[in-house]
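Visitor: Okay, handing you the structure first.
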Amino acid sequence: MILEGKLKKYKILITGGAGFIGSHVVRRLVNNYDNYSIYNLDALTYAGNLENLKDIEERPNYTFLHGNINDETFINSIFDKFMFDSVIHLAAESHVDRSITDPLVFVKTNILGTINLLNAFKSLWFDNWDGKKFYHISTDEVYGSLDDLDLFLETNPYKPNSPYSASKASSDHFVRAYGETYKMPYLISNCSNNYGPCQFPEKLIPLFINNIIDDKELPLYGDGNNIRDWLYVIDHAIAIDLIFHKGENHNTYNIGGFNEWKNIDLIKLLCNLMDDKLGRAIGNSQKLITYVKDRPGHDRRYAIDASKLKTKLGWTPSVTFKEGLSKTIDWYLSNQKWLANINSGEYMSYYKNQYSEL
Ligand code: NAD
Ligand code: DAU
């Protein structure tokens with residue numbers, strides 16, 4: 001273990017820390033490691049929200065940096081100024097549907113933005129990588145779509161099917177290539193679908209929670225039989241903490257929930273939990289399910305084999321799906337102002353465009 005307790009002011013740059021997963025990672029590291037200075041760099045796109053970090057924003061080991069990873073000059077200037085010892089890179093365009101409408105913005109942020117970070121990190125430490133690492137947060141979508149019986153292993157070939165997953169796959173390759181070419185110590189983790197507090201309501205679970213609250217249609221793509229492997233976001237943050245501290249450099253770790261659900265079954269469970277919490281008759285919200293045209297290139301199934309992480313680092317998910325879903329619904333029901341702020345912004349025009357048939 002190279003980091004804990006050794007250096008008083010070990011500086012970690014976390015990118016995308018105002019987003020969904022990033023905010024949980026920032027909170028965890030700020031709360032658990034007084035000996036680190038945590039810098040959160042975020043452009044505050046539609047998906048970034050400083051409300052997510054209200055509880056830790058005054059902490060002495062936390063600094064927010066407002067800026068864009070696509071801006072090479074800005075990125076070089078902050079690396080020169082703060083000399084970050086390590087990077088945990090989450091900033092990305094993350095929504096598959098938006099990548100279908102506008103692939104270029106995904107190329108800019110997910111590929112070029114990542115390269116700007118890699119170059120700035122390399123310029124700083126190329127002569128001596130001791131104690132440094134670049135940890136890149138990626139997705140299981142880089143492996144493509146699964147047949148019925150397989151699971152995604154770290155050794156699977158990449159076969160991305162959407163502009164989003166192609167851009168993430170490309171950034172993974174660049175990180176690994178910098179590891180080979182410049183001996184940069186790196187880690188990559190590829191995680192399955194996350195859910196939990198603070199997720200932007202364009203993704204399946206928070207979108208449907210938002211719509212059930214408002215008694216609006218629940219737009220289910222295609223036949224509703226696509227399968228995803230769901231993980232509670234705090235369990236992802238715990239895994240990232242563990243991999244950052246104990247993972248072996250130049251390695252990839254798959255992270256997953258051991259928790260596969262067909263979309264239609266998940267949605268029925270969500271509807272019933274919501275009906276119960278809202279005091280509505282059970283079955284009420286299921287009537288809102290509306291089949292809509294399928295997502296182009298819609299991957300049929302994702303499912304992670306996370307046994308490397310389990311056996312080598314001892315990680316397993318800490319909550320069951322039902323517990324995680326229940327906590328998630330409770331969070332959205334008690335944070336309606338957070339939702340209302342989003343519902344009143346750019347989100348509405350996105351929604352109208354994406355779901356024009358409703
Ligand atoms: P998100 O969309 O909620 O947050 C992304 C954050 O990055 C936002 O705060 C946004 O403002 C910031 N950002 C976007 N473009 C930027 C730029 N050019 N410069 C600086 N900041 C920028 O995403 P998320 O769901 O929290 O995902 C975080 C990371 O985890 C992504 O890299 C994503 O690919 C990966 N991932 C997500 C999931 C999931 O289920 N959500 C699963 C596996 C991996
Ligand atoms: O697997 C990890 C990935 O999970 C992450 O890398 C992505 O950042 C994240 O967005 C997520 O991608 P998905 O495309 O799987 O998530 P999404 O919530 O968009 O969709 C989940 C499933 O629900 C998928 O099969 C499509 C379906 N869906 C989604 C929406 C938004 C619907 O049926 N209707 C919808 O309106």
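Visitor: From the square roots a ≥ b ≥ c of the eigenvalues of the alpha-carbon gyration tensor of the range 37-114, which class results: rounded (a/c under 1.5), prolate (a/b over b/c), or oblate?
Guide: Oblate is the answer for the range 37-114, as a/c is 1.5 or above yet b/c matches or exceeds a/b.
Visitor: Using the crude model of +1 on Lys and Arg Cβ and -1 on Asp and Glu Cβ, and no other charge, please compute the dipole size for the chain relative to its Cα centre, in debye to 20.
Guide: Details: 38 positive and 44 negative charges, 105 e Å.
Charge dipole of the chain: 500 debye, to the nearest 20.
Visitor: Taking the Cα centre of the range 222-290 as the origin and placing charges on Cβ (Lys, Arg +1; Asp, Glu -1), which of 231, 255, 281 is farthest toward the positive end of the dipole?
Guide: Most positive-ward Cα: 281.
Visitor: Okay, moving on. With unit charges on the beta carbons (Lys and Arg positive, Asp and Glu negative) and the dipole taken about the Cα centre of the chain, which residue among 272, 121, 333 sits farthest to the positive side?
Guide: The residue sitting farthest along the positive end of the dipole is 121.
Visitor: Continuing with this model, one more query. Using Cβ counts within 10 Å as a stand-in for footprinting exposure, how do 276, 229, 147 rank, fewest first?
Guide: Fewest-to-most ranking of 276, 229, 147: 147, 276, 229.
Visitor: Determine the shape class of the range 1-86: with a ≥ b ≥ c the square roots of the Cα gyration tensor eigenvalues, call it rounded for a/c under 1.5, and otherwise prolate if a/b is greater than b/c, oblate otherwise.
Guide: It is oblate, given that a/c is not under 1.5 and a/b is not larger than b/c.
Visitor: Would you work out the relative contact order for the range 12-64, in percent, from Cα pairs under 8 angstrom that are 6 or more residues apart? Write out the running numbers ahead of the final one.
Guide: Numbers: 85 pairs, mean separation 22.5, N = 53.
Contact order relative to length: 42 percent.
Visitor: If you don't mind, there's one more thing I want to ask. Could you sort the peptides 277-283, 333-339 by per-residue average Cβ neighbour count (10 Å cutoff), highest mean leading? Intermediate results must be reported in sequence, preceding the final value.
Guide: On the way: 277-283: 11.4, 333-339: 13.4.
Packing proxy ranking, top to bottom: 333-339, 277-283.
Visitor: Here is a further query. Using the count of nearby Cβ atoms within 10 Å as a rough guide to exposure, how do 25, 107 rank from fewest to most?
Guide: Fewest to most other Cβ atoms nearby, the residues stand as 107, 25.
Visitor: Given the peptides 10-20, 37-47, arrange them by the average over their residues of other C-beta atoms within 10 Å, most packed first.
Guide: On the way: 10-20: 25.0, 37-47: 21.7.
So the peptides 10-20, 37-47, ranked by packing, come out 10-20, 37-47.
Visitor: Also: Say the cut-off is 31 Å between C-alpha atoms; which of 108/310; 9/54; 168/312; 9/203 go over it?
Guide: Pairs exceeding 31 Å: 108/310; 9/203.
Visitor: Answer with one residue from 343, 302, 316: the one whose Cα lies farthest towards the positive end of the charge dipole of the range 239-358, charges on Cβ with Lys, Arg +1 and Asp, Glu -1.
Guide: Positive-most Cα among the choices belongs to 302.
Visitor: In addition: Using the 10 angstrom Cβ neighbour count as an exposure proxy, how do 326, 86 rank, fewest first? Mind showing how you got there, number by number?
Guide: Values: 326 15, 86 22.
Final ranking by Cβ density, sparse to dense: 326, 86.
Visitor: Now for a separate question. Can you list the chymotrypsin sites (Phe, Trp or Tyr not before Pro) in the range 73-139 that are in a DSSP coil and have 13 or fewer other beta carbons within 10 angstrom?
Guide: 126
Visitor: Check which residues have an amide H placed less than 5 Å from residue 191's amide H, if you skip close sequence neighbours.
Guide: 138, 139, 140, 255
Visitor: For the chain, what is the percent of antiparallel DSSP beta bridges, rounded to the nearest 5?
Guide: Here the antiparallel bridges make up roughly 5 percent for the chain.
Taken together, the values in this text are just the output of simple stated rules run on the coordinates, not laboratory data. These figures come from a predicted structure and were not determined experimentally. Reconstructed Cβ throughout: ideal geometry from the backbone, glycine too, with neighbour counts over all protein chains shown.
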